[in-house]
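The values are calculated or read from the model by the stated rules, or taken from the named source; none is laboratory data. What you are looking at is a predicted structure, and each value in this text was computed from that prediction instead of being measured. As a convention, Cβ positions derive from the backbone with ideal geometry for all residues, glycine included, and neighbour counts pool all protein chains shown. Calculation scope for accessible area: heavy atoms of the full protein, side chains included, ligands and nucleic acids excluded. Shrake-Rupley method; radii C 1.70, N 1.55, O 1.52, S 1.80 Å.
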Amino acid sequence: MSELGDGKDGALSVQLIGKLTRLPSERITTSLLERTLHSHDLAPVPPIIKANYNNMPTAVLKPETTEEVARIVASADSLKTCLIPKGRGTSYLWGSVPVVGGVIVDMVEMNQINDFSADGEWIEAGAGATWEKVERYLEKRGFSLRVYPTSMPAATLGGWIASSGSGLGSGGSGVGSVMYGPVGKNLAGLEVVTGMGETLNLSEPEDIADFVGADGITGFITKVRLKIRKKPASIRRILITAPDTEGTQRLVEAMGAMKSVYFAQFEDASMLEIKTSLGLHAPLGVKGFLLFASLEGDAETVSSECDQLKEMAGECGGKTLPEEEAQKEWEERLYPMRVKRGGPTVIAGEFMAPSSRLALVLKDVYAEFPGGAAKQGIHGVVIEAPDVMLMPQVFSDERKGLKFLASLAYVKRFNDIGRRHGGQPYGVGHLNAFNAKAVHGKAGYARLKALKKKHDPGDIINPGKGIEHRTRFGFAAPLFMYNLSMFGLGLFRRLGV
Ligand SMILES: Cc1cc2nc3c(=O)[nH]c(=O)nc-3n(C[C@H](O)[C@H](O)[C@H](O)COP(=O)(O)OP(=O)(O)OC[C@H]3O[C@@H](n4cnc5c(N)ncnc54)[C@H](O)[C@@H]3O)c2cc1C
């Protein structure tokens, strides 16, 4: 798409945007510095790959109301631009990064808490509010979020709900998902501005589902009504070990089936060693795997299931660590990226797999790991049964140029392991759009394509993502090209780690 403008360095003109959108000039930015800050997310992408996309936005707009968002959408045609919905940019799949240029619509000013039901059933807030802000508000009133991402201090409601995670209608899984499922199961309503400029107020689950996990390609989420829960009567946190993959699978399957397990995750001994070497919190001397669970609910169930897990750990040859260690593990749950210091770059797979296959999946991941002196480790999260989420990580250095490029092949190789065992890759955005069918399923993918046509026929919102991997040259890179290049790079993958 061509851009109109008399701003400097390819930027649009502030006056023109102001005239068309009626946004005050202090909420329209075209400075090169600010635009550069919005030209990437957390994904480490080498310059040779970046050259195929136009990541530089022509302006950054900060609406405060739904009406302003609708006016921005209505002006896109006159501005001859596309629009990229953005939360806090905590993703790593380029979902909120321009790939064919365009204007960033930064939603973070729409962060007010609007309404709270008297019976404590739901809370309504602007899509730009952080999960942490909403949780703090609820905490003071004796309630709590049902689910949230571990990026909660920064991530916005709209950003996580739009992120594709496990697919259209479901979205991401995070803290609370073992009990409440993915975020899509925890919504009571959405307000959305579509690519046609229409404002929709959605309260039926099947209507809401059309905008969950859609990578923001069909519309802007402007307000969110979240289902909430009462603060649990009893909470116990436990940290147990399992010496091998079979014991880990048994414990993970048990956690997934228990009524009171709210959040559970695990790490292998090499990940713990990396943490220790970086001065991060990690219990010492763990062999095999460390498993954490937060059990929440009525005191009787919590206590009985806690005892069952401890007993099972003993049967598997593991042990139970002191409760203070478990509490520290809970407090650290929001900082999974701290290990990145050991990189400086971490290459991570992210996929779901049936927990009944966990031991086999872990064995395949270990066979794929580079071994030797390379830093490598596994982080896993127990999500809604029957699945588990795995993030195998190898540490690399993006300054190593072509060697680093080759090591990116690990991402595909890890995700392929999940697929071989009946799982699927996690998240689409732009970088993983080659896997859109695998993430959404065939029917979900077809539905998302139809929704794009229905709600955004002019391809104004987040073009080139979610259902395709478009380049700056106007065409979408085909799957075979991705597979071929990953195969080629894969031959040299060990050079970069
Ligand atoms: C430390 C850390 C922990 C994480 N933990 C988790 C986790 O537990 N589970 C998980 O699934 N992910 C996790 N993530 C990934 C990421 O944080 C989440 O996807 C996150 O919620 C994105 O929120 P954001 O506000 O940063 O959105 P952004 O990254 O800005 O945007 C994400 C996508 O949403 C779209 N979007 C943003 N706002 C809107 C809107 N208002 N309307 C329509 N579309 C919109 C964007 O276009 C983009 O496609 C984690 C990331 C980090 C760095």
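Please express the shape of the stretch 234-425 as an equivalent ellipsoid: the semi-axes are the square roots of 5 times the eigenvalues of the C-alpha gyration tensor, given largest first in whole angstrom.
Values: eigenvalues 165, 68, 38 Å².
For the stretch 234-425, the ellipsoid semi-axes come out as 29, 18, 14 Å.
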task: Could you list the residues of the stretch 80-117 with an amide nitrogen less than 17 Å from a label point located 7 Å from the Cα of Glu26 in the Cα-to-C-beta direction?
output: 108-111
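Using a simple charge model, +1 on the beta-carbon of Lys and Arg, -1 on the beta-carbon of Asp and Glu, nothing else, what dipole does the chain show about its Cα centre, in debye to the nearest 20? Numbers along the way, then the final one.
Details: 58 positive and 56 negative charges, 278 e Å.
In total the dipole reaches around 1340 debye.
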message: Can you tell me how the chain classifies by the Cα gyration tensor, rounded, prolate or oblate, using a/c under 1.5 as the rounded cut?
response: oblate
Hz values of 3J(HN,Hα) by residue in the stretch 480-492 - Karplus curve (6.51, -1.76, 1.60), Gly and Pro given as x: 5, 5, 5, 4, 5, 5, 5, 5, x, 5, x, 5, 10
message: Compute the distance from the alpha-carbon center of the stretch 19-66 to that of the stretch 418-445, in whole Å.
response: 27 Å
- request: Any of Lys80/Lys133; Lys50/Lys412; Lys259/Lys328; Lys185/Lys230 with alpha carbons more than 29 Å apart? Name them for me.
  value: Lys80/Lys133
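Sort the stretch 419-497 into rounded, prolate or oblate with this rule: let a ≥ b ≥ c be the square roots of the eigenvalues of the Cα gyration tensor; rounded if a/c is under 1.5, and if a/c is not under 1.5, prolate when a/b is larger than b/c, oblate otherwise.
On the way: a/c = 2.84, a/b = 1.56, b/c = 1.82.
Oblate, since a/c reaches 1.5 and b/c is not below a/b.
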query: Mind listing the phi-derived Karplus ³J(HN,Hα) values for the stretch 439-455, rounded to whole Hz, using 6.51, -1.76 and 1.60 with θ = phi - 60°, and x for any glycine or proline?
result: 6, 7, x, 4, 5, x, 5, 5, 5, 5, 4, 5, 5, 4, 5, 6, 8
task: Label the stretch 10-122 by shape, choosing from rounded, prolate and oblate, from the square roots a ≥ b ≥ c of the eigenvalues of the Cα gyration tensor; if a/c is under 1.5 it is rounded, and otherwise prolate applies when a/b is larger than b/c, oblate when it is not.
output: oblate
query: Under the Karplus relation 6.51 cos²θ - 1.76 cosθ + 1.60, θ = phi - 60°, what is the ordered set of whole-Hz ³J(HN,Hα) values for the stretch 426-437, x standing for Gly and Pro?
result: 10, x, 10, x, 10, 5, 9, 5, 4, 9, 4, 5
message: Please give me, ordered by residue number, the GluC sites (Glu not before Pro) of the stretch 136-217 that lie in loop per DSSP and have at most 16 other Cβ atoms within 10 Å.
response: Glu198
field: Interchain or long-range residues, amide H under 5 Å from Leu83's placed H
entry: Val103, Ile461, Asn462
task: Please calculate how many Å² of accessible area the chain carries per residue, with a 1.4 Å probe and no DNA, RNA or ligand atoms counted.
output: 40 Å²
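Is it possible to state the helix-based mean residue ellipticity at 222 nm for the chain, with each DSSP H run of 4+ residues giving -39500 (n - 2.57), the sum divided by total residues, to the nearest 500 deg cm²/dmol? What is it? Present the calculation step by step, with values, prior to reporting the outcome.
Working: 17 runs with 165 residues, N = 497.
-9500 deg cm²/dmol, from helical runs alone.
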message: Computing the accessible area with a 1.4 Å probe over protein heavy atoms, can you report the carbon and sulfur percentage for the chain?
response: 53 percent
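Could you put Phe434, Phe292 in order of accessible surface area, largest first, with the 1.4 Å probe and the full protein assembly present? Don't skip to the answer; put the middle values down first.
Details: Phe434 35, Phe292 0 Å².
Highest to lowest solvent-accessible surface, that is Phe434, Phe292.
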message: Less than 18 Å apart at the alpha-carbon level, and either on another chain or at least 8 residues along: which aspartates and glutamates does that give for Lys454?
response: Asp77, Glu191, Glu198, Glu206, Asp207, Asp210, Asp215, Glu468
